[in-house]
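The values are calculated or read from the model by the stated rules, or taken from the named source; none is laboratory data. Here the structure is a predicted model, which means the values were calculated and not measured. Virtual Cβ from ideal backbone geometry, glycine too; neighbours counted across all protein chains shown. Each accessible area value is taken on the protein alone, full model and side chains, heavy atoms only, with ligands, DNA and RNA left out. Shrake-Rupley method; radii C 1.70, N 1.55, O 1.52, S 1.80 Å.
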Amino acid sequence: MQLWISPLIAFLLGSIPFGLIIAKLKGIDIRAHGSGNIGATNVLRVVGKKYGITCLILDAIKGLVPTMIGLSLIRFASPDGQPHSNPMAIEALTSYGTVLPAVDQWKAQTFQVLTGLFAILGHNFSPWVGFKGGKGIATSAGVLIALMPAAVVILIIIWLLAFFITRYVAVASIAAAVALPLLTLYGSWFHGKLADGTWNKPLLVFTIVISALAIWKHRSNLERLRAGTEHRFERKSKS
């Protein structure tokens, strides 16, 4: 049961509908405007830039913090018997956690990524808004900052390139989602973990799942793209 504490905390924190709360503070029900989504992009369009950015940061934090908690409370031992260190773990919490033996590395890694997944599921299917929610891109980014920070830098570059080329947030988000599992495999190869078999297999499964989930949550955007009705951020005229 102790292993499930972090995922459950992550779901509760991830389910906080910051977009809905921020818009409500301005007297707006964000679900009745724009795309009807409670995520940062719709908040930006409907309520304003600074509110959208605030929502983006908060949605990312509710993915980052629970995952860091999971990395702190669920650890595994290295072959020498010492707990495996993770720079994204919160040192003050590690003494309260569980350290599984080296042979159970896969189990510890599974519950670490489950913690991140539950934060995303809490955002996407929040019980506070009828098990609906956002598309999970910002929350996924927060989770990935904790699990694979170097990959996030590359994903941001991919997202920005796709956005500036197409001016569609949905296209940029889908491009980053498609690239994520490939980056996970590349990172394992780059660090030599594919060759010695110590690569994080649960992490690859996790990235495939959240990539598929992100694309599925964008299915309405894909329909609007085909119909030519998707919102496009146009470049502002200098005149």
Inset, instruction - Identify all lysines with a Cα-Cα distance to K217 below 20 Å; exclude those on the same chain that are fewer than 8 residues away in sequence. - result: K62, K132, K135
Legend entry - the chain - Rg and Dmax from Cα coordinates, angstrom: 18.8, 66
Legend entry - Mean accessible surface per residue for region 6-52, computed with a 1.4 Å probe while every protein chain stays in place, in Å²: 48
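Given a 1.4 angstrom probe, what's the average accessible area per residue across region 92-189, in square angstrom?
Values: 4370 Å² over 98 residues.
Computed with neighbouring chains in place, this is 45 Å² per residue.
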Inset, instruction - Could you work out the per residue convex hull volume over the alpha carbons of region 5-120, in cubic angstrom? - result: 103
Inset, instruction - Return the carbon/sulfur percentage of the accessible area of the chain, one whole number, probe 1.4 Å, all protein chains in place. - result: 69
Legend entry - Debye intensity ratio in log₁₀ form over the Cα atoms of region 18-69, taken at each q of 0.18, 0.24, 0.32 Å⁻¹: -0.49, -0.77, -1.17
Legend entry - Sequence ranges 163-176, 83-96, ranked by mean other-Cβ count within 10 angstrom, highest first: 163-176, 83-96
Legend entry - Cα-derived Rg to Rh of region 92-217, Kirkwood definition: 1.01
Inset, instruction - Take every Cα-Cα pair in region 52-136 and report what % of them are more than 20 Å apart. - result: 41
Legend entry - Peptides 33-44, 50-61 ordered by average Cβ neighbours within 10 Å, highest first: 33-44, 50-61
Inset, instruction - Take the alpha carbon atoms of region 119-157, find their center, do the same for region 9-42, and report the distance between the two centers in whole angstrom. - result: 14
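Given the Cα-Cα distance of A212 and I57 and 0.36 nm per residue of separation, how much length would full extension add, in nm?
Full-extension gain reported as 53.5 nm.
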